[in-house]
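*Asks:* Sharing a structure with you now.
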Amino acid sequence: MSDRVYLDWNATAPLRGQTQRAFAAALSATGNPSSVHAEGRAARRLVEGARAQVAELVGAEPANVIFTSSGTEANALALTPAIESAAEKRPREKLLISAIEHPSVRVGGRFAKSALEDIPVEPDGRLNLAALAEALAGVSRPLVSVMLANNETGVIQPIAEVAEIVHAAGGLLHVDAVQAAGRIACDITALGADLMTLSAHKIGGPKGVGALVRSRDDIHFPDPLIRGGGQERGARAGTENVPGIATFGAAAAVARAEFAEETARMLTLRQKLEQGLCAIAPDTVIFGAAAPRLPNTTLFAVSGIKAETAIIALDLEGMAVSSGAACSSGKIQPSHVLAAMGSSPLLTRAALRVSIGWSTTQFDIERFLIAWRKVLPALSKELKNKRGIAA
Ligand code: PLP
């Protein structure tokens with residue numbers, strides 16, 4: 001597989017060398033973190049060390065990090081009418097979400113479908129703030145969920161402004177930062193988020209570990225998804241996934257240490273990629289180009305091609321990319337994100353996502369562009385003549 005170029009980091013990131021070592025070391029921790037003996041205390045130290053590392057990545061208190069089995073579970077834990085803050089104990093009646101959220105938010109957690117409302121985005125992929133303010137008018141104590149960065153386009157939402165609007169309306173703000181963590185600044189307090197979701201496997205940790213972070217300890221989860229032994233301060237029962245959590249912590253620490261350098265490096269690579277794409281096909285559309293975006297993500301389309309066919313053609317050339325659309329069952333669904341941005345069905349069907357990370361090199365980008373130049377003409381028989389693709 002060494003001649004392969006992996007450009008699908010928003011789907012999942014490979015484990016880093018440092019995190020692989022942390023994983024191997026944690027696998028030999030025999031104790032249960034709830035046990036009082038030395039083995040138990042050693043496992044507990046691993047979990048609490050990781051809690052501090054994850055907390056530090058987002059500027060939170062370690063005690064406010066709840067480990068879960070995934071980003072999906074963290075979103076489900078957050079999105080409940082029962083969530084409490086300060087002295088208020090009445091259930092929340094309404095959940096407002098942006099129209100471009102990940103499916104794990106779009107299903108609405110434990111809110112009834114009738115309590116769920118979509119807030120539209122602008123054509124550049126950013127939330128329509130006036131529509132948010134309007135939807136909040138007259139709603140008592142809403143819960144609002146807006147992602148920090150979109151998994152398909154990489155578009156970054158103006159979360160600090162969203163937080164001001166939500167708090168002025170007496171609401172609580174949940175932010176899905178799964179794609180943003182380690183790629184842009186994610187300080188929970190600076191952003192004004194009350195709750196934040198993270199996932200280990202997007203930052204170089206293992207799959208199957210996530211966290212829900214609260215900005216302060218007066219936010220409570222009286223209705224946990226998983227009840228039992230009272231782990232995670234009662235918010236998530238079940239013996240902790242010690243190796244997974246320890247590795248999540250190690251990945252968070254490396255992501256934090258390398259953040260500034262990596263962000264700048266990825267931005268340079270993304271610019272090279274996008275210049276190359278536009279040189280190959282001048283009518284290339286880069287979704288969300290007018291908005292701030294993650295430094296590692298490019299969602300682009302050349303009208304007339306089919307993303308499914310392009311992915312297979314690129315795979316045969318050794319390139320792992322994806323369509324922007326959800327593809328969890330192997331069948332590509334039309335992207336709700338691009339639909340919300342007003343993209344035409346023809347362009348949406350052509351959307352391809354290239355997402356990069358710390359092991360991506362300039363050479364990888366050059367190889368991708370060579371492969372793209374090679375496969376593009378065959379993807380639409382008339383494309384070459386019609387659009388004058390440079391040979
Ligand atoms: N939120 C966003 C924005 C995502 O991109 C993903 C995964 O792709 C998730 C949540 C779910 O995270 P996990 O894979 O850990 O369940």
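The values are calculated or read from the model by the stated rules, or taken from the named source; none is laboratory data. This structure is a prediction, so every number in the text was calculated from the model and none was measured. For neighbour counting, all protein chains shown are included, and Cβ atoms are generated from backbone atoms with ideal geometry for every residue, glycine included. Ligands, DNA and RNA are excluded from the accessible area calculation, which covers all protein heavy atoms including side chains. Shrake-Rupley method; radii C 1.70, N 1.55, O 1.52, S 1.80 Å.
*Asks:* Relative contact order for the chain: what percent, with Cα pairs under 8 Å and sequence separation of 6 or more?
*Replies:* 22
*Asks:* D for segment 255-321, whole µm²/s, Stokes-Einstein with Kirkwood Rh over alpha-carbon pairs at 25 °C and 0.890 mPa s: what number?
*Replies:* In µm²/s, the coefficient is 181.
*Asks:* Hey, another quick one. Using a 1.4 angstrom probe on the protein heavy atoms only, line up Leu346, Leu191 by accessible area, largest first.
*Replies:* Leu346, Leu191
*Asks:* Oh, and also: Kindly write out, for segment 298-312 in residue order, the coupling ³J(HN,Hα) from the Karplus curve 6.51 cos²θ - 1.76 cosθ + 1.60 (θ = phi - 60°), rounded to whole Hz, with x marking Gly and Pro.
*Replies:* Taking θ as phi minus 60°, the curve returns 10, 10, 9, 8, 10, 4, x, 8, 10, 4, 4, 5, 5, 4, 5 Hz for segment 298-312.
*Asks:* Which cross-chain or sequence-distant (5 or more) residues have an amide H under 5 Å from the amide H of Asn128, H modelled 1.01 Å from N in plane?
*Replies:* Long-range HN contacts for Asn128: Val121, Glu122.
*Asks:* So, one more: I'd like to compare 128-136, 165-173: which one has the highest average count of other Cβ atoms within 10 Å, and what's the full order after that?
*Replies:* 165-173, 128-136
*Asks:* I need the peptides 111-117, 96-102 ranked by packing, meaning the mean over residues of other C-beta atoms within 10 angstrom, with the highest value on top.
*Replies:* 96-102, 111-117
*Asks:* Sticking with this one: Of Met341, Ala55, Pro91, which is farthest towards the positive pole of the chain's charge dipole, taken about the Cα centre with +1 and -1 on the beta-carbons of Lys, Arg and Asp, Glu respectively?
*Replies:* Met341
*Asks:* Relative to the longest principal axis of the C-alpha atoms of the chain, give the angle of the C-alpha long axis of helix 38-57, reported between 0 and 90° and rounded to the nearest 10°.
*Replies:* Once rounded, the angle reads 50 degrees.
*Asks:* Using modelled amide H (1.01 Å from N, peptide plane; none on Pro or chain starts), what sits under 5 Å from the amide H of Asp8, excluding residues fewer than 5 places away?
*Replies:* Placed amide hydrogens put Ser355 under 5 Å from Asp8.
*Asks:* Same structure, new question: Please report the accessible area of Leu316 (heavy atoms, 1.4 Å probe, ligands and nucleic acids excluded) in Å², nearest 10.
*Replies:* Accessible area, nearest 10 Å²: 140 Å².
*Asks:* Counting only protein heavy atoms and a 1.4 Å probe, tell me what percentage of the chain's accessible area is made up of carbon and sulfur.
*Replies:* Carbon with sulfur: 56 percent of the solvent-accessible area.
*Asks:* Give me the number: length gained by fully extending Arg21 to Ala264, i.e. 0.36 nm times residue separation minus the C-alpha to C-alpha distance, one decimal in nm.
*Replies:* 84.8 nm
*Asks:* Got a sec to turn the phi values of segment 180-191 into Karplus ³J(HN,Hα) couplings, 6.51 cos²θ - 1.76 cosθ + 1.60 with θ = phi - 60°, whole Hz, x for Gly and Pro?
*Replies:* 7, 4, x, 10, 9, 5, 9, 6, 4, 6, 4, 6
*Asks:* While we're looking at this one, here's another question. Expressed in nm², what is the orientationally averaged projection area of the convex hull enclosing the Cα positions of the chain?
*Replies:* The directionally averaged projection comes out at 19.2 nm².
*Asks:* With a 1.4 Å probe and all protein chains left in place, how much accessible area per residue does segment 17-253 have, in Å²? Present the calculation step by step, with values, prior to reporting the outcome.
*Replies:* On the way: 8800 Å² over 237 residues.
Normalised by residue count, the accessible surface of segment 17-253 is 37 Å².
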